[in-house]
Amino acid sequence: QFPFGRRLPCDIYWHGVSFHDNDIFSGQVNKFPGMTEMVRKITLSRAVRTMQDLFPLEYNFYPRSWILPEEFPLFVAEVRMMKDSDPSWKPTFIVKPDGGCQGDGIYLIKDPSDIRLTGSIQSRPAVVQEYICKPLLVDKLKFDIRLYVLLKSLEPLEIYIAKDGLSRFCTEPYQEPTLKNLHQVFMHLTNYSLNIHSGNFIHSDNVNTGSKRTFSSILCRLSSRGADVKKLWSDIISLVIKTIIALTPELKVYYQSDIPAGKPGPTCFQILGFDILLMKNLKPMLLEVNANPSMRIEHEQELSPGVFENVPSPVDEEVKVAVIRDTLRLVDPQKKKRKDVQQHIESCKNKINIRYNYFMCYRCQTLEHVSEANEELLDAGPADRREYGTTKSPEAGLPSLCLKQVFPKYAKQFNYLRLVDRVAALFIRFLGVKGTTKLGPTGFRTFVRNCKLSNSSFSMASVDILYIDITRRWNSMGIDHKESGMCLQAFVEAFFCLAQKKYKSLPLHEQVKSLIDFCEYHLAALDEKRLVCGRG
């Protein structure tokens, strides 16, 4: 630990909260710039909603959400319309403060009129979502799953999922929400930090019992009942990949702002906590994503009133130690060096073996090459020669990796969803000044002009009006006033609007894809023209 910083560079920096804990110029950092902001409830909801607009069926794993206070009138209107069309519909909603954590400030309501619209919602924005009333129960208790996901790289995108996770249980038997039980947090909210204060909370030394268990123990139980556990895992992997695809466009904008291309800087990786709820039919639903999941492997136990001690938690230890250990194994900078050396040594061995086979025919030539190969081996140094011998690699005594790569392994199945990534690449291209995250009016006009999007029915004056209208509305939502200009989310809205104008008869995702192809074609032609002129 270096509480006052460190002068000498490190291979890996492990920050406690965010990328900006310290100024880092090299190595690897365990946080991405902008991740904390991206997984806040409002930003996550907006990112997923954009994908739901494009691919509604693929993104039906996230509950219908409204952002307060700005969408309160829309929330009221849509609920009234749904009730009118189906009088038997008796919904429950859950209100979550935007920056809340550990269950702080969450409450359930049956009607929009129950929202606490006093000063708090104005000063503390929130997300209101449809409450999932029919969760899967184990021992009559509601539970959620905390899965650990390693985002190893943003460009190229590389994602790993831990093979085991935690199941966090409520501490009162579940009943569907009614006006009488809405306020019973130990029945409805799975947050460990809330339930640990319940008198029914059970600390267990067994990973299969208690109020916190391994996810694998739940899967074993489901499998014994005949559930299709393989499909469940497949659905969870799909949910994780799709969620990260929704987050990456804006993460790339933050990344280029803090680590501009072409300048020295660190690379990043990050462990994320995905909170997932299983419905009765085993469909996984995303609750939230945590940028700083707890990695504690102990809990406090009260010995006597006011006297506490830290007690090991076998469940946490089994899951979390493996996640951190294997994250470090995957990002270990020495691993590539060892791999390169091993390949070099294998090459030398192959040279020796191949040439020895032809020894009788080319004796003089072979002796010369064997000598060269041995010289290469000597140049590798004593540490590397040990690997050439019988010494095992540093990982030989470690368990197999608990982290499973899911992307790019399954990239072919999901790459079609990465449309907003391509829109973000256009946005970043026209930002102009390195280190900014907002597009000015000149940059937007240049984008339209270079992509040949203006014409007789869409003049540059119309372009300016579109820019002003959308930018003003997004800025009125209180989104990052540090910089003036058009944020990525506003640019995406403007891009969708342009796509709908140009390709009227197609579904939205095809409209957007067609416009991206159109823009990329004209920009490639422009780049080629500039290259030719440069050579001239």
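Sorting the segments 309-317, 243-251, 396-404 by their mean number of nearby beta carbons within 10 angstrom, highest to lowest, gives 243-251, 309-317, 396-404. At the listed q of 0.25 Å⁻¹, the Debye profile of segment 159-251, built from one uniform point per Cα, gives log10 I(q)/I(0) equal to -1.15.
Helices from the chain with mean Kyte-Doolittle at least -1.0 and a Cα length along the axis of 15 Å or more, per DSSP H: which?
Numbers: long enough: 41-54 (20 Å, -0.15); 72-85 (20 Å, 0.40); 229-258 (42 Å, 0.45); 314-331 (26 Å, 0.32); 333-357 (37 Å, -1.88); 363-379 (24 Å, -0.81); 419-429 (16 Å, 1.31); 460-476 (24 Å, 0.07); 488-502 (21 Å, 0.65); 508-535 (40 Å, -0.12).
Correct list, ordered by number: 41-54, 72-85, 229-258, 314-331, 363-379, 419-429, 460-476, 488-502, 508-535.
Of the solvent-accessible surface of the chain, computed with a 1.4 Å probe over protein heavy atoms with every protein chain present, carbon and sulfur atoms account for 55 percent. Relative to its residue count, segment 133-290 spans a Cα convex hull of 141 Å³ per residue.
If packing is taken as the average count of other Cβ atoms within 10 Å, what order do 54-64, 421-431 fall into, highest mean first?
On the way: 54-64: 16.6, 421-431: 19.5.
Result, highest mean Cβ count within 10 Å first: 421-431, 54-64.
Using a ≥ b ≥ c from the Cα gyration tensor of segment 474-536 (square roots of the eigenvalues), is it rounded, prolate or oblate, where a/c under 1.5 gives rounded and otherwise the larger of a/b and b/c decides, a/b for prolate? Judged from the Cα gyration tensor, segment 474-536 comes out oblate (a/c at least 1.5, b/c at or above a/b). In a reduced charge model with +1 at each Lys and Arg Cβ and -1 at each Asp and Glu Cβ, segment 22-181 shows a dipole moment near 380 debye about its Cα centre.
When only alpha carbons are used to place a centre, segment 43-72 and segment 1-18 end up 37 Å from one another.
With a/c under 1.5 counting as rounded, go ahead and sort the chain into rounded, prolate or oblate using the C-alpha gyration tensor (a ≥ b ≥ c being the square roots of the eigenvalues; past the cut-off, prolate if a/b is larger than b/c, else oblate).
Oblate, since a/c reaches 1.5 and b/c is not below a/b.
Centroid-to-centroid, using Cα positions, segment 430-489 and segment 204-278 are 34 Å apart.
Packing-based ranking of 127-139, 34-46, 456-468 yields 34-46, 127-139, 456-468, ordered from highest to lowest mean Cβ neighbour count within 10 Å. Each of residue 78 and residue 140 was given a label point 7 Å from its Cα along the Cα-to-Cβ line. The distance between the two points is 3.6 nm.
The values are calculated or read from the model by the stated rules, or taken from the named source; none is laboratory data. All figures in this text were calculated on a predicted structure; none of them were measured in a lab. So basically every Cβ, Gly included, is an ideal-geometry build from the backbone, and we count neighbours across all protein chains shown. Ligands, DNA and RNA are stripped out before the accessible areas are found, and what is left, the full protein with its side chains, is counted by its heavy atoms. Shrake-Rupley method; radii C 1.70, N 1.55, O 1.52, S 1.80 Å.
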